[in-house]
Protein chains: 2
Amino acid sequence: MLHSAETLSKRIDEAIRQIPFDLKPATLFDPIRYALSVGGKRIRPLLVLMATDLFGKELESSLGPAIGIEIFHNFTLLHDDLMDNSDIRRGKPTVHRKYGTNSAILSGDAMLIESYRYMATAPPAILPELLALFTKTAMEVCQGQQLDMDFEKRSDVTESEYLEMIRLKTAVLLGCALKMGAMIGGATSQDAELLYDFGINIGLAFQLKDDLLDVYGDPRTFGKNIGGDIVCNKKTYLLIKALKTSRGSQHEELQRWIAATQFDREEKIASVKNIYNDLNLRDISENLIEKYYLAALDALSSILISDERKKELVSLAENLMYRVK
Amino acid sequence: MLHSAETLSKRIDEAIRQIPFDLKPATLFDPIRYALSVGGKRIRPLLVLMATDLFGKELESSLGPAIGIEIFHNFTLLHDDLMDNSDIRRGKPTVHRKYGTNSAILSGDAMLIESYRYMATAPPAILPELLALFTKTAMEVCQGQQLDMDFEKRSDVTESEYLEMIRLKTAVLLGCALKMGAMIGGATSQDAELLYDFGINIGLAFQLKDDLLDVYGDPRTFGKNIGGDIVCNKKTYLLIKALKTSRGSQHEELQRWIAATQFDREEKIASVKNIYNDLNLRDISENLIEKYYLAALDALSSILISDERKKELVSLAENLMYRVK
């Protein structure tokens, strides 16, 4: 690649700062500015630019779609927080807590529209193809969120159903970002597809790592409270796997903790974590993460470009894999 | 025009029936199918096709964008009903009443995405321009809805603020439908703009007519209960005008009715209607509607196409103007 990830990140931050959200009425645009200002790692727009850069193309044409994908991602967080009734996002009040439910609905809608405005700035020659990819992906993200909500009401979710859900909810947007960048960069459709696969596998590893950090993360470096998923019985990979593989009194104990309405928070976390330990779920989970990580690197290595130019993508993938928060 | 409105309506109904909403999960797509099946007059897609037809162009290329605009319109109804907490739409339970709040949020989002999928089927040569128009319009509709919600909390809304709100919330989408159809039909940008103006003026007349029918409609033909806007103090043209022009004891009486929390429904309707009558608001309102109607016809007549070919558009405008429900 011609540019470091750091250089690209700076261009993204600058472009986000320049989004003209001082439009009227302020009641519509203030929540949008707030949602985008809360930050985050800006990984998706970075992937768009890195993919274009990988093929040696000027970054000008990618910047609009990159910003579009970041606005879209923040729209999904905004509406997801509302649907999940979450109070806090990245240490700050969520949009519906700060501005109310109706503002969260409508400002989210406006963000989705805004994401298409930026998407439509892509080069006209590839616009139809690029929009088709974005729309397909956006719909898949909705499907993933719906499955996630449906799973809350079920106790028989299988491992493969779970993996399909996180593929839709998380992985496809990473794949889309990379493929989009590749398309703008003039990649062959085969190379664009390989980058998509790279993104899907990184995305799956990323989400599984998220599930793992909730239980095994270091409280000093992990951003959220350890054990949050355990407390609210979130159907993570670990819980689904534990429900499937536990037997006898251990299975009963797990079921009791899930059914409990009154409990000591720390006691529940410690007990469920013990069951996970007994079932060796940390290793099983890390092995699966490793499997997806290797599949990602495999896809990347099949792209006929020198390893030297792929370095930044590999190190981004490494950072996501070995992150502690 | 080459086709009657009736023929065009049939093509639209058929195209809507063919939308593939049997995708998974059903929890996401059932509410969408329901929202679209509840019906309505399908005026917006009809305007797209009529505009293309006006310029003698094949309708194939317009059908996708026409369906896109109808899906978008139904998305706005779905989310508006949720924000307004409405229980009934066209005589049936609203989506959030039938499927729950989260389904209404997420299925609405999916409809907005779906509307872009159909929009993107427009001829590639005009796709960037067409998307820019659609995105600008979609954002304006959000701005209009936000203003409408903001107005609920204010008692000093002016007539011009109200007219700007209904321009954004209702009129621009009619203008957009017509302009889009004209663009696909190969109209000059001047003719496309004239059709847009025709739509804006029809839209303003349409909404003012809606406000009027709520009070002066015939209960036997009007779809909703007469006086619904009066009961809930909706800031319609009539109420805003009454608040502005009433004086002395009449003004005080109006304020008392607005502030009242316990009242007889029919008594409130009759009393407020009396004030409207005394202030001559029916005539004032009808004159304003007539003004917009004439401005619409004026824009249409400036398009250099034979009157014969404009007949269907004129009669649609007439129907919307002289409708009783």
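Filtering the stretch B:106-121 to residues that are over 17 Å from the mean Cα position of the chain (by Cα) and at the interface with chain A (Cβ under 9 Å from one of its Cβ atoms) leaves B:Leu106, B:Ser107, B:Gly108, B:Asp109, B:Ala110, B:Ile113, B:Glu114, B:Tyr116, B:Arg117, B:Met119, B:Ala120, B:Thr121. Of all residues in the stretch B:122-155, those satisfying the criterion of being aliphatic (A, V, I, L, M) and at the interface with chain A (Cβ under 8 Å from one of its Cβ atoms) are B:Leu127, B:Leu131, B:Ala132, B:Ala138, B:Met139, B:Leu147, B:Met149.
Of all the numbered requirements in (1) over 19 Å from the mean Cα position of the chain (by Cα); (2) without any contact (Cβ under 8 Å) to a residue 12 or more places away in the chain, A:Leu63 misses one, and that requirement is (2).
Listed by position, the helices (runs of 4 or more DSSP H) contained in the stretch A:1-91 that have at least 1 residues being more than 14 Å from chain B (Cβ to nearest Cβ), closer than 22 Å to A:Gly108 by Cα and in contact with a Pro (Cβ under 7 Å, 6 or more places away or on another chain) are A:5-17, A:60-84.
The set of residues from the stretch B:201-256 being farther than 20 Å from B:Ser155 by Cα and more than 20 Å from the chain's Cα centre (by Cα) comprises B:Asp218, B:Pro219, B:Arg220. Each residue in the stretch A:114-129 was checked for being aliphatic (A, V, I, L, M), part of a helix (DSSP H, G or I) and surrounded by 22 or more Cβ atoms within 10 Å (Cβ to Cβ), and 1 pass. Note on the stretch A:228-274: among residues that are of a type in the set (Phe, Trp, Tyr) and either closer than 17 Å to A:Met165 by Cβ or touching a helix residue (DSSP H, G or I) at 6+ places or on another chain (Cβ under 6 Å) (or both), the one that is surrounded by the fewest Cβ atoms within 10 Å (Cβ to Cβ) is A:Trp257.
Note on the stretch B:92-105: residues that are among the hydrophobic types (A, V, I, L, M, F, W, C) and more than 10 Å from chain A (Cβ to nearest Cβ) amount to 1. Restricted to the stretch A:88-100, and to residues there that are buried (at least 17 other Cβ atoms within 10 Å of the Cβ) and without any contact (Cβ under 8 Å) to a residue 60 or more places away in the chain, the residue that is farthest from the chain's Cα centre (by Cα) is A:Arg97. Here B:Ser103 passes the criteria (1) closer than 24 Å to B:Cys176 by Cα; (2) at pLDDT 95 or above; (3) over 20 Å from the mean Cα position of the chain (by Cα) except the one numbered (1).
The condition of being modelled with pLDDT of 95 or more, of a type in the set (Asp, Glu) and within 24 Å of B:Lys153 (Cβ to Cβ) holds for only one of A:Asp109, A:Asp80, that being A:Asp109. Taking the stretch B:118-141 as the search range and keeping residues that are in contact (Cβ under 8 Å) with a residue 60 or more places away in the chain, out of contact with any Gly (no Cβ under 8 Å at 6 or more places or on another chain) and of a type in the set (A, V, I, L, M), which one is farthest from B:Gly186 (Cα to Cα)? Per the stated criteria, the residue is B:Val141.
The values are calculated or read from the model by the stated rules, or taken from the named source; none is laboratory data. In this text the structure is predicted, and so the values were computed from the model without any measurement. Neighbour counts are summed over all protein chains in view; Cβ atoms, including those assigned to glycine, are modelled from backbone coordinates with ideal geometry.
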